[in-house]
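Asker: This structure is in structure tokens; I'll ask about it shortly.
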């Protein structure tokens, strides 16, 4: 019987991508808004933390060869759908929630990856004869100011806002009484 010894630097951890996430190996974002950071985490525990935080769109996990010193960082804006810029970093993997993993919408030309919001359809039923005013186009809700939100918001469109990345007020709620 023989014993096999392997240098620590030769060990490779098998990283399983959590369900509903897209893994970008050796990738991170600069200038992101960090929600939280934790140490000695696994990819699974990190994704669990991101899943329960509605503002979390992605997390980085640093520690492929140093599992006991792994770092989990939750972010609220590190995703192409949030117009993030990706950078390369050894042993840091970025896991982006699938709904934010596509390219930012709209794009000026066709893209190789699905465009943000193209993963599933959202059906909204409207009364016969109802039309959307041009100023209330929900595909442009990411660019609305408070006045537009107050004039155009309807809870019937909550799923549409979520698909277009407009499901948060970014901590700046609107006072609609000012616009009546």
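The values are calculated or read from the model by the stated rules, or taken from the named source; none is laboratory data. These numbers were taken from a predicted model, which means no experiment stands behind them. Positions of Cβ are backbone-derived with ideal geometry, glycine not excepted, and every protein chain shown enters the neighbour counts.
Asker: Wholly within region 45-145, which strands (runs of 3 or more DSSP E) include no fewer than the required count, namely at least 3 residues that are buried (at least 19 other Cβ atoms within 10 Å of the Cβ), modelled with pLDDT of 80 or more and touching a strand residue (DSSP E or B) at 6+ places or on another chain (Cβ under 6 Å)?
Answerer: Output list reads 58-62, 71-75, 92-97.
Asker: Look through 158, 169 and report the one residue that is closer than 30 Å to residue 44 by Cα, exposed (fewer than 11 other Cβ atoms within 10 Å of the Cβ), at pLDDT below 80 and not assigned by TED's automatic domain parsing to the domain that holds residue 60.
Answerer: Every option except 169 fails the conditions.
Asker: Next question, about the same structure. What are the residues in region 26-44 that are under 19 Å from residue 101 (Cβ atoms) and surrounded by 16 or more Cβ atoms within 10 Å (Cβ to Cβ), if any?
Answerer: Hits for region 26-44 are 27, 28, 29, 32, 35, 43.
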